[in-house]
Amino acid sequence: MEIGIDSFAASPQQSENSTAKDNSNSMAELLERIELADQVGLDIFGIGEHHRKEFLDSAPTMILAAAAARTKNIRLTSAVTVLSAADPVRVFQNFATLDLISNGRAEIVAGRGSFTESFPLFGFNLQDYDAIFSEKLALLLAIRENEIIDWSGKFRAPLHHQAIYPRPVQKQLPIWLGVGGTPASFVRAGTLGLPLMVAVIGGETHRFRPLVDLYRQAGAKAGFAPDQLKVGLHSFGYAANTKEEAMDNFYPGYEKMMNKVGKERGWAPMSRAKFAAQTGELGAIVIGSPEEVAEKILRHSEALGGISRFSFQMDVGLSHAQLLDSIRLIGRKVSPLVNQ
């Protein structure tokens, strides 16, 4: 199983006393963490895409390109590329260029994103939410397969025998489909034969099994072999020396973040008891000692019928030192335990 980290490049610039220099330092620390993840043998590092003050990942390929120059083996991916608000031509060009810089280590996780700020920012109508994504995903896949494109659609100017460059090092640039809990999204991924990245940030992971089964059934019906239908899991997670230490470190920032988002979405306030339930045997959060974290990843894999990738989301206000320590534990202890 591939083990990796996803980051949303959390910004420290949240108070009136913060400065742009704080954000610059935060970006330098993020690159240091990606470099460490490569050194300790992690397989994947992903950068999200948001257009909000609390995150610095509005241009993720820029961050990934900087990381590519400082790493040797780790694969570099989006987490996710908000394809609905982007031009598929530019998305392909950006990631093909990243593939050249990294010598064949680039990947795309394409999705619709969990926030909607990008729609008004780039002039799109939320009422076209799914139609835009479907059309742009089809164009992105067509560009991946063909150097010269003839294409027309509703949401972009047509392409008439247009060549699109550069081409990547990899024969086929990997494109995963990032999904939440919408059944149609799982079926779409299976029908297209795309590997699936499932974001489970709350609740009980095993409840996603029927949706993953839909994906595999749709893929089989479309003629894809089981080994083509890979499933990855993205969840909150953190490793420390003990579970008590991990929970004490993780909870304060997690509570603050969940309550901030919760106010926007009408969620009930987060509490320590709810957090404890999420870190239990069936809860989505993967947290504890390296041994406990490895065991829970394997339980999640079994619950979903087998996964081939697990990505930790740790951007909840942990310090740079705490994140570095966790990356070391995940690379040196958790990943070997999972893969024994």
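Read the figures in this text as sums done on the coordinates, not as results from a lab. Owing to the predicted nature of the structure, the values given are computational and were not obtained by experimental measurement. In this analysis, Cβ positions are derived from the backbone assuming ideal geometry, glycine residues included, and neighbour counts consider all displayed protein chains.
Values as computed for the structure displayed
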{"item": "Correct option for Cα extents along the principal axes in Å [calculated from the coordinates] among (1) 60, 49, 43; (2) 59, 39, 36; (3) 59, 55, 53", "result": "(1)"}
{"item": "Alpha carbon convex hull of the stretch 1-110, volume per residue in cubic angstrom", "result": "97"}
{"item": "Amide N proximity, the stretch 87-129 versus Ser308 label position 7 Å along Cα-to-Cβ, cut-off under 18 Å", "result": "105-110"}
{"item": "Sites Leu31 and Glu147 - FRET efficiency at Förster radius 30 Å, r taken between beta-carbons, to 0.05", "result": "0.35"}
{"item": "log10 of Debye I(q)/I(0), alpha-carbon scatterers only, for the stretch 139-271 at 0.13, 0.17, 0.20, 0.22 Å⁻¹", "result": "-0.81, -1.02, -1.13, -1.22"}
{"item": "Summed residue charge, Cβ within 14 Å of Phe122's Cβ, Lys/Arg positive, Asp/Glu negative", "result": "0"}
{"item": "Helix axis angle, 20-39 relative to the chain longest principal axis, alpha carbon, degrees", "result": "90"}
{"item": "Partners for Lys230 among aspartates and glutamates (Cα-Cα distance below 17 Å; same-chain residues under 8 apart left out)", "result": "Glu2, Asp43, Glu107, Asp213, Glu302"}
{"item": "Gained length - Leu121 relative to Asn23, 0.36 nm times residue gap less alpha-carbon distance", "result": "33.1 nm"}
{"item": "Helix-only CD estimate at 222 nm, as mean residue ellipticity for the chain, using -39500 (n - 2.57) per DSSP H run (n ≥ 4)", "result": "-13500 deg cm²/dmol"}
{"item": "Whole-Å distance, taken between Cα centres, linking the stretch 273-324 and the stretch 41-106", "result": "24"}
{"item": "Out-of-range pairs (alpha-carbon distance over 26 Å; input Lys53/Lys263; Lys274/Lys296; Lys136/Lys260; Lys72/Lys333)", "result": "Lys136/Lys260"}
